[in-house]
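Take a look at the structure below.
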């Protein structure tokens, strides 16, 4: 089966449960930003040499996959999504991000390099900073979707704010 189906040639794309939507919609914009964040985190993951941080990035990416499924589901299909037992963001996921950020803050943070990512010569830190900026864009797109009248769960909205803080912290950790 080819990935090239031609279904998107008309300017629409598929969502969960066989729903079609314009590629220019706010929902697709939010989804695209989260997808880009996942790819940026892949760069950070490949550049990072600290196993502990790679494990955290993997945990973030796993949560993003479920979150993308949530965003790819229209509000009227949310019950179906949950019935299928697909991954979705839970309160403990937000708590994990927050706790991880606090744990790393306690280790000591370097306040250098954040204004000019890459200046320190660390591809890992620069990739984390890039991921942070993409997380902020994803947050803006998710908030725009919500403000447009298409409800986005509060956990999803909060997740990006906390996540971008965590990514900033990880790029500043003293022992990294």
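Throughout, read-outs are computed from the coordinates displayed, never taken from laboratory work. Keep in mind that this is a model prediction, so the values were computed, not measured. As a convention, Cβ positions derive from the backbone with ideal geometry for all residues, glycine included, and neighbour counts pool all protein chains shown.
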Based on the mean of other Cβ atoms within 10 Å per residue, sort peptides 81-93, 142-154 so the most packed one is first. 142-154, 81-93
Rounded to whole angstrom, the alpha-carbon centroid of the stretch 1-65 lies from that of the stretch 67-145 at a distance of 13 Å
Between helix 123-147 and the chain: long-axis angle, C-alpha atoms, 0 to 90°, nearest 10: 40 degrees
Can you give the angle from 0 to 90° between the axis of helix 91-107 and the longest principal axis of the chain, with both taken from C-alpha atoms, to the nearest 10? 20 degrees
At 222 nm, what value in deg cm²/dmol follows for the chain if DSSP H runs of at least 4 each add -39500 (n - 2.57) and the sum is divided by all its residues, to the nearest 500? -21000 deg cm²/dmol
With bins 10 Å wide starting at 0, give me the P(r) of the chain over every alpha carbon pair, in whole percents. 10, 36, 32, 17, 5, 0
Using 7 Å Cα-to-Cβ label points, what is the residue 18/residue 140 separation (nm, one decimal)? 3.8 nm
Between the helical axis of 26-47 and the dominant principal axis of the chain, each derived from Cα atoms, what acute angle in degrees is found, rounded to the nearest 10? 30 degrees
